[in-house]
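The values are calculated or read from the model by the stated rules, or taken from the named source; none is laboratory data. Predicted model, so just to flag it, every value in this text is computed and none were measured. Here the Cβ is made from the backbone with ideal geometry for all residues, glycine too, and neighbour counts use every protein chain on show.
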């Protein structure tokens, strides 16, 4: 069994988490204590009239903002008496949540199973088995199929007596960001006028926006970023659903999720896959900023705002880093095969 380190709670129940100036739990684990407090630094492009700053969530231990929700979900289950060290936790993940849950489970003393669709990033999924988790690869099948990776996760949890975390509907997902990431961002950047964030499950954008709107400044504009061939923006604006077909990992969904708190979001803007990829590559080659493709999409929108609005103070949430994409976005052959690079 992996070594367990304690997390101390300061609230009686996490089901009613609200921001009170401190987190509802204190992290004493020497590894997990490196989650959060990620840096914010300027994106120094001379053509911009306004200011863009990057919130580097890729500085979390497994390289993404998902470390925050992994700890939060496990601790709420503990507080509610639903799990205890030695139990099994199961999650379905197509990306960064896989490694985040594997790390949190390892440090807190839980067994861990991650189900994932075939063909996902080996860099992201490599965290799971490296950290002692079990990885189950599922076929590329429709969402209603029993072998679809999320359905598989639910079934594995039932059959093995474990708990399915289900980040796609678990309200702890956005809540963690409302009591943690949002306050942290405002402390670093109190003058911000816009916050721009990729919309995958929507939890990061929703939680940050809730805190900013309710506790800081309701005039700050919260902008979620979707892929063009996705249905987050269509759901937000009440339009008819279209095809869900994006190659930008961590961006877009086929339909609205309950972790998307649209009441706190002002706009959802869609970015073509090509623009997201090329922006990520430009950020790396021209400015030494190695970010993932969903972060490239967010930076694409952040730049637009800073070009159009000279007084804008824009925070762009960089959800993960480019080192996860050396075999895709930053691989010339992969880009050329898909026609993404300029000829």
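Taking every residue in the range 57-72 that is surrounded by fewer than 24 Cβ atoms within 10 Å (Cβ to Cβ) and pairing it with any residue that is in a loop (DSSP other than H, G, I, E, B), at least 6 positions away or on another chain, the pairs with Cβ-Cβ distances below 6 Å are 59/38. On the basis of being part of a helix (DSSP H, G or I) and surrounded by 20 or more Cβ atoms within 10 Å (Cβ to Cβ), does residue 251 make the cut? So residue 251 does not fit the description; no. For residue 134, the criteria (1) at pLDDT below 95; (2) surrounded by fewer than 17 Cβ atoms within 10 Å (Cβ to Cβ) hold in every case but one, which is (1). Among the residues making up the range 205-232, those that are in contact with a helix residue (DSSP H, G or I) (Cβ under 6 Å, 6 or more places away or on another chain), in a helix (DSSP H, G or I) and in contact (Cβ under 8 Å) with a residue 60 or more places away in the chain are 208, 211. Residue count for the range 73-84, restricted to those that are free of Cβ contacts under 8 Å to residues at least 40 places away in the same chain and over 12 Å from residue 108 (Cβ atoms): 1. Out of 298, 306, 312, report the one residue that is at pLDDT 95 or above, touching a helix residue (DSSP H, G or I) at 6+ places or on another chain (Cβ under 8 Å) and either assigned by TED's automatic domain parsing to the domain that holds residue 192 or under 14 Å from residue 225 (Cα atoms) (or both). Criteria check complete, one pass: 312. Here residue 272 meets each of (1) out of contact with any helix residue (DSSP H, G or I) (no Cβ under 8 Å at 6 or more places or on another chain); (2) within 20 Å of residue 58 (Cα to Cα) with one exception, condition (2).
The condition of being in contact with a helix residue (DSSP H, G or I) (Cβ under 9 Å, 6 or more places away or on another chain), at pLDDT 95 or above and either part of a helix (DSSP H, G or I) or surrounded by fewer than 23 Cβ atoms within 10 Å (Cβ to Cβ) (or both) holds for only one of 278, 257, that being 278. For the range 151-163, the candidate set comprises residues that are within 23 Å of the chain's Cα centre (by Cα) and surrounded by fewer than 20 Cβ atoms within 10 Å (Cβ to Cβ); within that set, the residue that is nearest to residue 211 (Cα to Cα) is 163.
As a summary of the residue check, residue 124 satisfies the conditions (1) closer than 23 Å to residue 26 by Cα; (2) in a helix (DSSP H, G or I) except for the one numbered (1). When the range 155-173 is filtered for residues that are outside any loop (DSSP other than H, G, I, E, B) and in contact (Cβ under 8 Å) with a residue 40 or more places away in the chain, the ones remaining, listed by number, are 156, 157, 160, 163, 164, 172, 173. Residues considered: 336, 327. Of these, the only one that is loosely packed, with under 15 Cβ neighbours inside 10 Å and free of Cβ contacts under 8 Å to residues at least 40 places away in the same chain is 336. When 94, 20, 33 are screened for being part of a helix (DSSP H, G or I) and at pLDDT below 95, only 33 passes.
The lone criterion from (1) at pLDDT below 95; (2) more than 19 Å from residue 74 (Cα to Cα) left unmet by residue 171 is number (2).
Residues in the range 312-321: is at least one farther than 18 Å from residue 41 by Cα and in a loop (DSSP other than H, G, I, E, B)? Scanning the range 312-321, I find no residue that is farther than 18 Å from residue 41 by Cα and in a loop (DSSP other than H, G, I, E, B), so the answer is no. Please verify whether residue 87 is crowded, with 23+ Cβ neighbours inside 10 Å and either more than 27 Å from residue 187 (Cα to Cα) or within 19 Å of the chain's Cα centre (by Cα) (or both), treating the condition exactly as stated. Answer is no for this residue.
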